[in-house]
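Heads up: the structure comes next, in structure tokens.
The values are calculated or read from the model by the stated rules, or taken from the named source; none is laboratory data. Keep in mind that this is a model prediction, so the values were computed, not measured. Cβ atoms come from the backbone with ideal geometry, glycine included; neighbour counts cover every protein chain shown. These area figures cover heavy atoms from the full protein model, side chains too; ligands, DNA and RNA do not enter into them. Shrake-Rupley method; radii C 1.70, N 1.55, O 1.52, S 1.80 Å.
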Amino acid sequence: MVDITIRKRPRIEAVVTQRKFFKKTAKGKVIKVLRERYLRDDVGCGVEDCTECSGHKTLPLAPRVNHSTFSGAHFLLPDTNVFLSQMDLIESDLFNTPMILLQTVIEEVRHRSLPLYNRLKALMKADGKRIWVFYNEYRSETAIVREENETPNDRNDRGIRKASSWYGSHIAATHRQSSVPQIVLLTEDVANRTKAKQDGIKAHSVKQYVEGMPESAKLLDLLAAVGSEEIAPTRAAGGAHQSLYPDYLPPSTLAAGIKSGHLHQGHFSANQYNYLEGTVNVPAFSKPILLVGRENMNRSVQGDVIVVEVFDEKEWRAPADEVVDQEANLKNDDAEDSGSDDEEDQILAVSESKAIQTSASNERQPTGRVVGIIKRNWRTYVCHIDSTSLTSSNSTSLSVQTVFATPVSRLLPRIRLRTRQAPTLVGQKILVTIDRWENTSRYPEGHFVRALGKAESKEAEQESLLLEYEVAYRPFGKAILDCLPVEGDKWAVPPKELGGPVWRDREDLRDMIICSIDPPGCQDIDDALHARKLPNGNIEAGVHIADVSNFVHPDTPMDHEAAARGTTVYLVDNRIDMLPHLLGTNLCSLRPYVERLAFSAIWELSPEGDIVNVRFCKSVIASKAAFTYEEAQTRKDDPKLDDELTQSIRLLNTLALKLKQKRMEAGALNLASPEVKIHLDSSESSDPIDVEQKEQRETNSLVEEFMLLANISVARKIQESFPGTAVLRRHLPPPRTNFEKLQDILKKRKGLNLDVSSSGALAASLDLCQDPTNPAFNTLVRIMATRCMLSAEYFCSGSVARDTFGHYGLASDIYTHFTSPIRRYADVLAHRQLSAAIGYSPLHPVLHSKQHVERILDVVNRRHRMGQMAGRASVEFYVGLALKGRSEKTTVREEAFVIRTFRNGLGVFVSSLGLEGLVMFKRDIKFDADNYTISVPGPNGEVEVSVFDKVVVNIAVEKDRNTQRGKVKMTLVEPVDSSGM
Amino acid sequence: MSSRVEILNEGGYRSDGRKQYELRDMAVDLSQQGAADGSATLSHGLTQVQASVFGPREAKLRSQTFYDRATINVELSIASFSTGERRKRSRNDKRTLELAAAIKSTFEPVVQTNLYPRTQIDIYIQVIQQDGGLLQACINATTLALACAGIPLLDFVCAVTGGVHSTSSMLDLTTLEENDLPYVTVATMPSSGKVTLATMETRLHVDRFEEIFRLACDAGQVIHKEMRAALRTRTAVLLAAVQSTTVPSGDAGGDKDDEPMYEYR
Ligand SMILES: [Zn+2]
């Protein structure tokens, strides 16, 4: 029996223990909130050998850091701002002074920034760090109450000081040693330091403290730019410098404005073709609001939640139709100067305003300006140092320089940073964080986090890719590996005769003729299939999925890690697993000839492919073969073969055709995305030798149809059993306005109509988009149509209205992911719910909680999206490498389709490489925006080029001299040679 | 809004500084309230209710009169200022009636109604302040008020709430916790170990339910001890008062542990 006690609270304490405040609800009602807290004397201090506090101790008495000011043992007690601004420093392995983390600080960090809070939480668990969390608000001696006229900030500062002095006296009182550890309050706030010193507390600024540390040079680079004394413009000596950007409105004005409807809130998205333009989608307008020019974008960075004011309707306009490259335009900017009034600025202003004012199309959309920021979504960015921004390139120079870092992503502005290591960082990929963006500085200011390695080296590129898309790629820790079966790779299904928990309620399907069909080289086989004729003329078909939930139990370290990773990420030459290798490629992989645990969905289907009934069971299977798509296809088509396995494949194939036909009739879309395959030379060298488009075989679609069938059947079952928390997947129908542009282009260029009234209508009209002279045209239109759609997402069935469950692309009223539990976490959840639905195992309580399921799925959705982008970026990188290899030998000349037209260029798509690129013209050319046509001067007069036209381009990879980054450069060869333009 | 407050933090503390199995402060006041035959003001943390018992007295309505036992009426009124948001609830409010019905059915098998045929026992409960565990407070206050009124009970009835946060169970929830967690209110009879009430307003998995149920029963014992101590103190005071007026010599005190009215164990 656990110890149940009543916490007694003396009446006199009411002032300290009760808190009354008023808060406003979402509906605008004011309510009174009364809370109490119980103060205790048993909140531990965490210092070794404390005679008073019991329990676990992490703060060592022996000195750990050889600090120039504090030679003996000492503990740091940082205030909130230190974590908010210097997280990179604190995370560094070199920064290893034991630390006391106050509850007040944790709560404030949590309140201010969730991402930082999550990093702080990870830090608390990190191995090398000695961090003790002290719950100061619950300890009677350190709990404080906000006084009248005291701001929450001042109250917290006072609480932090109180905790600091308590620690000092507590350590002295509970240790008999002559020299006891000192407490060092770390704060950037001068006033706080002064007050602390009055109270007899040692207080340091972060910089001051770090300077005394042994590795100070390296650590000082990690120091974020706080306070204006850090990066000061060198040339603006004569008084206050001019504001380049308008000030933000105060938060209360923003909130009131949003509420009254004259301001709008949304996520800022930058335009990848034009650094002077961004858009924001807000509910009040069907078209995104256009933010034109630096001043109107007012220091917004991709992903920030911003507040905009919309301009008068007569100022509305179309987006610029010119490609404006940041690097080309701004190459003369000086990093040392935060930039205000000099000559270059004038020139820049002129060229920028020219770039802004070019729009021929009369398609208007709302315009506006950013008046405030609700939330910054800054993170670390992979960058290159712009070599021209260095004042001294002497590689031994250790002087501090202010340089530009150019992010790899085209959506981000350049970042100014100060570093002592500038010369050694040139030519490397580095990680940079943005710290702040003052209105007197043209660029955001940041600091260097760490170097990833030489640019274009595969290791650096790969790591930067993973970082850029926030893929967790660290090896699995011990706690996670401890969750694996103790037998390791010797684990096998125990003999049935012995019974045991594994065989409980499991069906023995070992004699079933089951096989798997996957792409060549597939190691994580998570699905296998079978089909056989039944005596009544119907067909029994089964999908057998690796029984991952047998190994990954809820609420274990392995489960938490898998949930945090969300998905396995596939890169061209690497795979970042969601689950440890042993499970993914061995114990859970449904390899042939071995007994494996599976979760089976078995249907009785009529010969027409209608479901007569379906059942689900846990099973033991022994796959009879692992085919590649190609092998399965050959086997199916070989008239000489007629064994059980071949029959099974043929049966599955016939059914799959029926199923597909039904789906298509129901209005499913056949979408396309540019998929290419990279051939690697050998697994060691991993040099790509060629790129080819992926081939689709009949057997691909065979597997696909049955996976869809399984997912739909499982979705129905779990939704029925757990209507409040079923893990489902949906694809919302795209808003019609998304298609407007494509419809217009098709109409004007090809005379084709795209009917987007429903997915069925769209499917039908996509089929009609044919160009007899050009078979690839249809694929191109499909790719473009796909880009107009929304992306599918996981959701919790109790969180959205029933009529929004549908999957638009698949034309199914319900859907989930069940078939790949090895590589997708949502599938693991679906497995657990299905297992509970059939009464095999009880459902873990967290899967009954709507909030919990929502929270997990939010992460999984994000990881899924990021993983896909990382995969695509990896392909792009290798396509680039392959191109570089090829272009060194000969000119690469490929056919391409025009997909966009600009005033000064063409956007083209090279389908053979799955590559999108830009052809730029330096000279002004004639541009007809309404007809998506440009006229390029050629030797025999002007030649018109329009969207959907087939052209031929030369593709070269050039190294950008400044950033050392490879850049694909395309020039037009046919119909006109544009190399001179 | 509540997501900003951590229900149970990494250090094992709840938002009000308690640990999982710590109950809130319990304050009991058993002083006489007006004409009531027995009354009790009880608070669990910030939740405060006052229960008054009248009776057994002659039944007023013939339709409610039973020849072999007493009827129990429960009336609940919730002060409009008891919650943060001022809200007037009428006596016929669905939630109020529901609570009253739950209390009535909890006590019907416990009060020895067969000792008082053709009478009625009226229980009035006034909710003064709410911060979670309303039903629990009402039941505990009623037990005390009935005992003060000298109405024979088979046993104490001790109620407590229990909920689960992710996988950790916790006892005696505040409003903040109740809004966020699935929870149950369990009323037990500590000496027999019988359960007279278990209500749930949210879904709770059966395995979790069992765990919380057991915990709540154990917590019932702790609450029982507290309630018994309060009653003993009052008895002692009464006894002293009686002795000082009628038996000045003071040698007839007798055994202090012997509760004069009923042995509640
Ligand atoms: Zn201590």
Any pair with Cβ under 6 angstrom, 6 or more apart, that starts in the stretch A:38-56 at a residue that is at the interface with chain B (Cβ under 10 Å from one of its Cβ atoms) and ends at one that is within 10 Å of the ligand (Cβ to nearest atom) and among the small types (Gly, Ala, Ser) | A:Gly44/A:Gly55
Scope the stretch B:111-131; condition open to solvent by 10 Å² or more (accessible area, probe 1.4 Å) and within 29 Å of B:Ser15 (Cα to Cα); matching residues | B:Gln126, B:Ile128, B:Gln129, B:Gln130, B:Asp131
Among the residues of the stretch A:489-503, write down those that are at pLDDT 85 or above and either in a helix (DSSP H, G or I) or in contact with a Cys (Cβ under 8 Å, 6 or more places away or on another chain) (or both).
-> A:Lys490, A:Trp503
Could we say that B:Leu238 is among the hydrophobic types (A, V, I, L, M, F, W, C) and facing chain A (nearest Cβ under 9 Å) here?
-> no
Within the stretch A:380-403, is there a residue that is at pLDDT 80 or above, open to solvent by 50 Å² or more (accessible area, probe 1.4 Å) and assigned to a strand (DSSP E or B)?
-> no
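Would you list the strands (runs of 3 or more DSSP E) that sit entirely within the stretch A:570-659 and hold 2 or more residues that are out of contact with any strand residue (DSSP E or B) (no Cβ under 6 Å at 6 or more places or on another chain) and farther than 30 Å from A:Arg504 by Cα? So that I can check it myself, show each step before the final result.
Details: elements: A:574-576, A:595-605, A:611-622, A:625-628.
Filter on the stretch A:570-659 gives A:574-576.
I'd like to know if the stretch A:456-464 contains one or more residues that are in contact (Cβ under 8 Å) with a residue 60 or more places away in the chain and aliphatic (A, V, I, L, M). Let's see the steps before the verdict.
Residues of the stretch A:456-464 that are in contact (Cβ under 8 Å) with a residue 60 or more places away in the chain, as a first pass: A:456, A:458, A:461-462, A:464.
Pick out the ones that are also aliphatic (A, V, I, L, M) and you get none.
No, that holds for no residue.
Just checking, how many residues over the stretch A:145-185 are outside any helix (DSSP H, G or I) and either more than 26 Å from A:Leu39 (Cα to Cα) or within 16 Å of the ligand (Cβ to nearest atom) (or both)?
9
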Tell me which of these A:Ala531 doesn't satisfy, since it passes every other one: (1) under 25 Å from A:Arg575 (Cβ atoms); (2) open to solvent by less than 30 Å² (accessible area, probe 1.4 Å).
-> (1)
Please give the number of the condition A:Leu101 fails out of (1) within 11 Å of chain B (Cβ to nearest Cβ); (2) in contact with a helix residue (DSSP H, G or I) (Cβ under 8 Å, 6 or more places away or on another chain); (3) exposed (fewer than 13 other Cβ atoms within 10 Å of the Cβ).
-> (3)
The lone exception for B:Val28 - which of (1) within 14 Å of chain A (Cβ to nearest Cβ); (2) surrounded by fewer than 20 Cβ atoms within 10 Å (Cβ to Cβ); (3) assigned to a loop (DSSP other than H, G, I, E, B) it fails | (3)
Select from the stretch B:16-38 the residues that are within 30 Å of B:Gly163 (Cβ to Cβ) and not basic (Lys, Arg) and list them in ascending order.
-> B:Asp16, B:Gly17, B:Gln20, B:Tyr21, B:Glu22, B:Leu23, B:Asp25, B:Met26, B:Ala27, B:Val28, B:Asp29, B:Leu30
Residue within the stretch B:139-160 that is in contact with an Asp or Glu (Cβ under 7 Å, 6 or more places away or on another chain), under 15 Å from B:Leu23 (Cβ atoms) and not in a loop (DSSP other than H, G, I, E, B) present | yes
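Looking at this structure, is A:Ser140 within 14 Å of chain B (Cβ to nearest Cβ), surrounded by fewer than 19 Cβ atoms within 10 Å (Cβ to Cβ) and within 16 Å of the ligand (Cβ to nearest atom)?
For A:Ser140, the condition - within 14 Å of chain B (Cβ to nearest Cβ), surrounded by fewer than 19 Cβ atoms within 10 Å (Cβ to Cβ) and within 16 Å of the ligand (Cβ to nearest atom) - is met.
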If you scan the stretch A:504-517, which residues turn out to be outside any loop (DSSP other than H, G, I, E, B) and open to solvent by less than 20 Å² (accessible area, probe 1.4 Å)?
-> A:Leu509, A:Cys515, A:Ser516, A:Ile517
Of all residues in the stretch A:40-94 being within 36 Å of the chain's Cα centre (by Cα) and among the polar types (S, T, N, Q), which is nearest to the ligand (Cβ to nearest atom)?
-> A:Thr58
The residue that is farthest from B:Gly17 (Cα to Cα), considering only those in the stretch A:117-135 that are away from every other protein chain (no Cβ under 11 Å) and touching a residue at least 40 places away in the same chain (Cβ under 8 Å), is A:Arg130
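Yes or no, residue by residue, for (1) surrounded by fewer than 21 Cβ atoms within 10 Å (Cβ to Cβ); (2) in contact (Cβ under 8 Å) with a residue 40 or more places away in the chain; (3) in a helix (DSSP H, G or I); (4) in contact with a helix residue (DSSP H, G or I) (Cβ under 9 Å, 6 or more places away or on another chain):
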| residue | (1), (2), (3), (4) |
| --- | --- |
| A:Leu834 | no, yes, yes, yes |
| A:Gln851 | yes, no, yes, yes |
| A:Val860 | no, yes, yes, yes |
| A:Arg863 | no, yes, yes, yes |
| A:Ala870 | no, yes, yes, yes |
| A:Tyr878 | no, yes, yes, no |
| A:Leu883 | no, yes, yes, no |
Among the numbered conditions (1) under 30 Å from A:Ala929 (Cα atoms); (2) touching a residue at least 60 places away in the same chain (Cβ under 8 Å); (3) open to solvent by 30 Å² or more (accessible area, probe 1.4 Å), tell me where A:Leu732 comes up short.
-> (1)
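Looking at A:Ser765, A:Ser759 in this structure, which one is in contact (Cβ under 8 Å) with a residue 24 or more places away in the chain, outside the structural domain of A:Thr933 (by TED's automatic domain parsing) and of a type in the set (Ser, Thr, Tyr)? Steps first, please.
Numbers: A:Ser765 fails: in contact (Cβ under 8 Å) with a residue 24 or more places away in the chain.
Step by step, each of A:Ser765, A:Ser759 is checked, and only A:Ser759 is in contact (Cβ under 8 Å) with a residue 24 or more places away in the chain, outside the structural domain of A:Thr933 (by TED's automatic domain parsing) and of a type in the set (Ser, Thr, Tyr).
Is at least one residue of the stretch A:68-75 touching a Phe, Trp or Tyr at 6+ places or on another chain (Cβ under 7 Å) and β-branched (Val, Ile, Thr)?
Pass one, the stretch A:68-75, residues touching a Phe, Trp or Tyr at 6+ places or on another chain (Cβ under 7 Å): none.
No, every residue in the stretch A:68-75 fails to be touching a Phe, Trp or Tyr at 6+ places or on another chain (Cβ under 7 Å) and β-branched (Val, Ile, Thr).
Specify which of the listed residues (B:Asn73, B:Asn92) is more than 11 Å from chain A (Cβ to nearest Cβ) and in contact with an Asp or Glu (Cβ under 7 Å, 6 or more places away or on another chain). If you could, list the steps in order and put the result at the bottom.
Values: B:Asn92 fails: in contact with an Asp or Glu (Cβ under 7 Å, 6 or more places away or on another chain).
It is B:Asn73.
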Every residue from the stretch A:38-53 that is touching a Ser or Thr at 6+ places or on another chain (Cβ under 6 Å) and open to solvent by less than 10 Å² (accessible area, probe 1.4 Å) | A:Gly46
Tally of residues being within 14 Å of another protein chain (Cβ to nearest Cβ) and over 17 Å from A:Pro723 (Cα atoms) across the stretch A:824-845 = 1
Do you know which residues across the stretch A:441-456 are open to solvent by less than 30 Å² (accessible area, probe 1.4 Å) and part of a loop (DSSP other than H, G, I, E, B)?
-> A:Ser441, A:Arg442, A:Tyr443, A:Pro444, A:Ala455
Can you tell me which residues in the stretch A:1-34 are within 7 Å of another protein chain (Cβ to nearest Cβ) and either in a strand (DSSP E or B) or modelled with pLDDT under 80 (or both)?
-> A:Met1, A:Val2, A:Thr5, A:Ile6, A:Lys8, A:Arg9, A:Lys29, A:Ile31, A:Lys32, A:Val33, A:Leu34
Take B:Ala40 and decide whether it is in a loop (DSSP other than H, G, I, E, B), among the small types (Gly, Ala, Ser) and away from chain A (no Cβ under 13 Å).
-> no
